[in-house]
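Take a look at the structure set out below.
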Amino acid sequence: MGYIVKPLVTEKMTNMSEKTPNRFGFVVRPEANKLQIKKEVEDLYKVNVVSVNTLNYAGKRSHRYTKAGMIRGRKNAYKKAIVTLKDGQTIDFYGNI
């Protein structure tokens, strides 16, 4: 069962990776813990993980006005993992494009 949903390739994560080149972000399943995330990153990308930091994001409420009236909804909650690799190692997300 895979715990990694997708890698985070955003402007904020790109800036973080430029400052510390061995740090990468992933969106992971909410039930995943740090040990499971570490094992899966090491297996998928063949790197050595030094540390894993996780952040839980709550689902936010959203609403918009339409002709039919106000539509209320909710955005999904998700969990983010910041993975620090051993010095000198990197992950190439764009290698297979």
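The values are calculated or read from the model by the stated rules, or taken from the named source; none is laboratory data. Owing to the predicted nature of the structure, the values given are computational and were not obtained by experimental measurement. Here the Cβ is made from the backbone with ideal geometry for all residues, glycine too, and neighbour counts use every protein chain on show.
Key figures for this structure:
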item: Residues satisfying the stated conditions in the range 17-37, i.e. closer than 17 Å to D92 by Cβ, surrounded by 14 or more Cβ atoms within 10 Å (Cβ to Cβ) and in contact (Cβ under 8 Å) with a residue 24 or more places away in the chain; result: N22, R23, F24, G25, F26
item: Residue satisfying all of: in the range 38-89; hydroxyl-bearing (S, T, Y) and surrounded by 13 or more Cβ atoms within 10 Å (Cβ to Cβ); modelled with the lowest pLDDT among these; result: Y45
item: Subset tally (residues that are of a type outside the set (D, E, K, R) and without any contact (Cβ under 8 Å) to a residue 40 or more places away in the chain) for the range 38-56; result: 8
